[in-house]
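Worksheet for the structure shown next.
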Amino acid sequence: MGAQIRVYRQKISSTTSMRKIFKAMELIATSRIGKARARVAASLPYANAITRAVSAVASQSEIDHPLTTEPEQIRRAAVLVITSDRGLAGSYSASVLKQAEGLFELLHDEGKEVKTYLVGRKAQAYFEFRNREYARVWTGGTDAPEFATAREIGEALLADFATDFEEGGVDEIHVVYTRFKSMVTQEPTVIRLLPLEVVEEQAASESELLPLYEFEPETERVLDALLPRYIESRIFAAMLQAAASELAARQRAMKSAGDNATDLIKKYTRLRNTARQAEITQELSEIVAGADALAS
């Protein structure tokens, strides 16, 4: 009986230590989510402005630019999957990977090859565990993205987009990430970056007209200059949305884990008290039995 009490005491001690860790991680995520949401809000005006600029230039010209023209045949697609570097965020990374798997299946059904690019150690571990190939991976700082990383990713994707299919190039680019809607709602999302599909984070009304720009030199050179900036801004905005979603998911997961640890501590405490009472009762019974034996 004493051994059982010691087991419950050890469980209570270890669960209490884990609860402290969960509480600390919850507080860290809570303190950082505000800054992450502010970065998401700050990125929207620039992303929307450059989206409208690219839309206006593309709509006001009749050129067949490779970045805005749908190819006759799409044979290979690039997919950028954005997950997290760390765990303890509930089903955050699993939901993104599930969404990516659905996209892979759809592309394969359409007869397209898939070239995968990864962001985050969770995606890297997922692909390596299944012995699946990927082109490149970027890790470190998924909960606090840097624009330099988004620029590097954009340059790599655009380089493959500009390469011929026979040399390993791609005909379209997709991004799979988690869109941050609120502290309780984060939605795994797929967007196609190229060929250009104009989708603003805060869509303008249907009656609003695109601005009429006067630009020089020719349209091709303007698009060549604008579209890389557009791609970088869209990728960085997706990374910021994913970072805010990751912190929100971790905050919820750690709160739930802390609550579960509290419930376990209460359960183990009751079991320990029950075992202690049973041990005391048994000792009293042995004393009374011994006294009766001596008296008789």
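The values are calculated or read from the model by the stated rules, or taken from the named source; none is laboratory data. In this text, all values refer to a predicted model and were calculated from it rather than measured experimentally. Backbone-built Cβ (ideal geometry, glycine too); neighbour counts: all protein chains shown. Ligands, DNA and RNA are excluded from the accessible area calculation, which covers all protein heavy atoms including side chains. Shrake-Rupley method; radii C 1.70, N 1.55, O 1.52, S 1.80 Å.
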key: Those residues of the stretch 172-193 which are modelled with pLDDT under 90 and crowded, with 21+ Cβ neighbours inside 10 Å, in sequence order   = LEU193
key: Condition check for ASP292: at pLDDT 90 or above, of a type outside the set (Val, Ile, Thr), open to solvent by 30 Å² or more (accessible area, probe 1.4 Å) and not in a loop (DSSP other than H, G, I, E, B)   = no
key: Where ALA257 falls short, out of the listed (1) open to solvent by 60 Å² or more (accessible area, probe 1.4 Å); (2) under 30 Å from SER182 (Cα atoms)   = (1)
key: When residues of the stretch 131-141 are limited to those that are in a loop (DSSP other than H, G, I, E, B) and under 17 Å from the mean Cα position of the chain (by Cα), the one surrounded by the most Cβ atoms within 10 Å (Cβ to Cβ)   = THR139
ask   = Here is a list of conditions, (1) at pLDDT 95 or above; (2) at positive phi, and GLY111 meets all of them except one; can you say which number that is?
value = (1)
ask   = out of contact with any strand residue (DSSP E or B) (no Cβ under 8 Å at 6 or more places or on another chain) and at pLDDT 85 or above: does that describe THR16?
value = yes
ask   = Which pairs have Cβ atoms under 7 Å, sit 6 or more apart or on different chains, and link a residue in the stretch 24-40 that is over 17 Å from PRO145 (Cα atoms) to one that is open to solvent by less than 60 Å² (accessible area, probe 1.4 Å)?
value = MET25/ARG250; MET25/MET254; GLU26/GLN251; GLU26/MET254; GLU26/GLY258; THR30/GLN251
key: Criterion: of a type in the set (A, V, I, L, M) and open to solvent by 40 Å² or more (accessible area, probe 1.4 Å) - qualifying residue of ALA144, ALA148, ALA156   = ALA148
